[in-house]
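Reading through the structure tokens given below for one structure.
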Amino acid sequence: MKINSSNRIFRILIAASLFFSCASDLDFDQTKDLKLEPVVVANFAYFDLPVSDFGYGGGGEIAFDAKEFEVFKQKFLRENIVRTDIDFELENTIPRAFIVDLQLLDANSQILETLRFDIPANSGSTNIIKYPTEVFQNQRLDLLKQTAQVGFVVRMLPGTPLDQNSTGNIKLRSGGTVYFEIQ
Amino acid sequence: MRQIRKVYLVLISAIQLTCFAQNKEILYNFTSIPQSSMLNPGADVSYNFYFGVPLLSGISANIGSSGFSAYDLFADNGVDFNDKVRSVINKTSNNDRVQVNQQLELFSGGFRIGGEKSQSYISFGAYQEFDFFMYMPKDPAILAMYGNQNYIGKSFDLADLSVKAEVLSVFHIGFHKKINKKLVVGGRAKLYSSGANATSTKNSGFIWTQQTEGTPNLYTQVIASHLELKTSGISSFTKDEYDRSIASDIARNTFLDGSLGLGIDAGITYYFKENLQFTASIVDLGFINQTKDIETLTYKGQYRYDGVKPNFSQTDEPGNIIDDFEKAIPRDTTYNKYTTWRPTKFYTSLQYSFGESRSSEDCNCKTSAKRKYANAVGGQLFLMSTPRTPFAALTAYYKRSISDGLDLKATYTVDAFSSKNIGLGFSGTVGKFNVYAMVNNLLELKDVTKANSMAFQLGFNFVFQDAEK
């Protein structure tokens, strides 16, 4: 009986030894190294301005507006964006040349930076210009992050006069490519 | 010791990351272990009485992660952690899941009722359970890791976010009766007390960016969100003024002040012939009414992002992007009670026995003087409800009685986590003292950190059969 019992215990120990196993070294501290670097594309600004909506101010200015742009009030965005590229595209179907000024304004309506885009008069064929990418990094990015409003100034350059029968539009399309580094 | 620490770390990390299957394929129908009644209350278990060693009678954990292992993410091999995360995101699908289930019996016991000739039994006990289940949030992970730049036209599916977790205690009482030589039936009533629950399994919506020629904007960007996270027993921890210990508060709530629920188990064993046995059981068919410290957080709505558009012809109407977004998809908090269903498990098996056992003289005389077979082979099916399609596992097994006091069971299981999961368990009895231990995925034991799933159960009982004559 005794022998039998110890024999059983021995067998149980053998079986139990099956439960020993090995494990590679794991390092859980490396989760601290997690860095998300998503690249997000998003609309930035756009308009579609027909001749019929033109107002005629001084210096050829035919349209002006400033819009709130409170994206950078978000702390998360201010802190985690490391670079922003903005692409602009203008389309002009009016037989006059234009200059579009896009103003980055701070909370006190002071101009931080003006982006200027020239587009020639439409001469019949497709008249779309894609401008070189505006890259915001370092100090220029810091200025961008202070932007609280975006101002749009559209000026018409001298040329053939327009009348009430004139048609056409000037269209702006733009999108940002935003590089995040979230740690 | 170091290994134990590692295994512990793996368990913890898996709990943090994913969720697991609750299949206990080795313990199922292993009738020399009283705890097999917990998987089939109609299991053909017999004893005069038994009690489990408190806190040590049933310790079990199941961890599963289809698609990636702890090693893939945490290996100490010099590879940049972000590269590991990217590789895991790339190789997993939104149907990969992480699952953790852990149970600890606080006490358990059972006894025969109705005298020596009777074959009716009462069993009872209490255990603590932790469940975690999460599907791989593939699309949100891609968006967070890479952004939408290279995914124009793709609709990021928010339904990929599906996760639930619960800590609960279960008090149960069961009854089983061997009606005749062929049939055993049993049932168990359960009272659940949930200390903490988080459920976010009914999400839908998408984040979509498209580029279409001829539209007034560069991109068409839409977020449609139907996100909902229900919690019970958790929201007070998130408040600023909370200054107690979360662990002890959850423990207290789990046993003394939880959200209550009810459930049943039911099962049968049927012998077509003396050596051809069929079993089936359903476990945790029940619900919990989540009523304590409840909070539901939702983000529901739709938002189309167009960017800044000047209004040249009129004076400006106020409004800005962030406000518009928060109005379109508001964060709402509500405080409604909700009901959660327990993950319901279904087992069935068919077993063929052969080879009479060499009965030793000092036999412990199981109640009925039936023939005892030394070998059994069989197949088992396991099903479990999940937030999407049920989890299924198929097991083939071989069981052998080495002697009256030692039984072994070997299993081969195919499921979502592994196609070659070999498990082994034993039940050993010395005198009245019963020890059982089982572990699966033996092929992965050479490095558990690389395993997609691991499970073990072990426990100690005192089992008293009929007094020796």
What strands (runs of 3 or more DSSP E) lie completely within segment B:410-465 and have 3 or more residues being within 11 Å of chain A (Cβ to nearest Cβ), surrounded by fewer than 24 Cβ atoms within 10 Å (Cβ to Cβ) and touching a Pro at 6+ places or on another chain (Cβ under 8 Å)? none
Taking only segment B:162-195 into account, find how many residues are closer than 11 Å to B:TYR121 by Cβ and surrounded by fewer than 24 Cβ atoms within 10 Å (Cβ to Cβ). 4
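Residues that are under 23 Å from the mean Cα position of the chain (by Cα), at pLDDT below 90 and aromatic (Phe, Trp, Tyr): list the helices (runs of 4 or more DSSP H) wholly contained in segment B:1-115 that include at least 1 such residues.
Those helices (runs of 4 or more DSSP H) span B:2-17, B:70-74.
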In segment A:10-44, the residues that are hydrophobic (A, V, I, L, M, F, W, C) and at pLDDT 85 or above: A:LEU34, A:LEU36, A:VAL39, A:VAL40, A:VAL41, A:ALA42, A:PHE44
If you take the residues of segment B:311-331 that are over 41 Å from the mean Cα position of the chain (by Cα) and of a type in the set (A, V, I, L, M, F, W, C), which of them is modelled with the lowest pLDDT? B:ILE321
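Within segment B:231-246, which residues are not hydrophobic (A, V, I, L, M, F, W, C) and not in a strand (DSSP E or B)?
B:GLY233, B:SER235, B:SER236, B:THR238, B:LYS239, B:ASP240, B:GLU241, B:TYR242, B:ASP243, B:ARG244, B:SER245
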Filtering segment A:144-183 down to residues that are over 25 Å from B:TYR219 (Cα atoms) and hydrophobic (A, V, I, L, M, F, W, C), which residue is surrounded by the most Cβ atoms within 10 Å (Cβ to Cβ)? A:MET156
When you scan segment A:98-106, do you find a residue that is away from every other protein chain (no Cβ under 12 Å) and either under 12 Å from the mean Cα position of the chain (by Cα) or among the hydroxyl-bearing types (Ser, Thr, Tyr) (or both), even just one? no
I'd like to check which strands (runs of 3 or more DSSP E) are fully inside segment B:247-336 and have at least 2 residues that are under 30 Å from A:ASP53 (Cβ atoms). B:294-305
Restricting to segment B:212-271, what's the tally of residues that are surrounded by fewer than 17 Cβ atoms within 10 Å (Cβ to Cβ), within 14 Å of another protein chain (Cβ to nearest Cβ) and at pLDDT below 90? 5
Looking at B:ALA141, B:ALA159, which is the one that is part of a helix (DSSP H, G or I), surrounded by 17 or more Cβ atoms within 10 Å (Cβ to Cβ) and away from every other protein chain (no Cβ under 14 Å)? B:ALA159
Looking at segment A:108-120, is at least one residue out of contact with any helix residue (DSSP H, G or I) (no Cβ under 9 Å at 6 or more places or on another chain), crowded, with 18+ Cβ neighbours inside 10 Å and within 30 Å of B:TYR146 (Cβ to Cβ)? no
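Could you tell me which of the residues A:THR147, A:THR126 is of a type in the set (Ser, Thr, Tyr), within 14 Å of chain B (Cβ to nearest Cβ), under 14 Å from the mean Cα position of the chain (by Cα) and not in a strand (DSSP E or B)? Explain how you work it out, then say what you get.
Numbers: A:THR126 fails: under 14 Å from the mean Cα position of the chain (by Cα).
Result of the check over A:THR147, A:THR126: A:THR147.
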Please verify whether segment A:43-54 includes one or more residues that are polar (S, T, N, Q), facing another protein chain (nearest Cβ under 7 Å) and assigned to a strand (DSSP E or B). yes
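The values are calculated or read from the model by the stated rules, or taken from the named source; none is laboratory data. Quantities reported herein were computed from a predicted structural model and do not represent experimental measurements. FYI the Cβ positions are ideal-geometry reconstructions off the backbone, even for glycines, and counts take in every protein chain you see.
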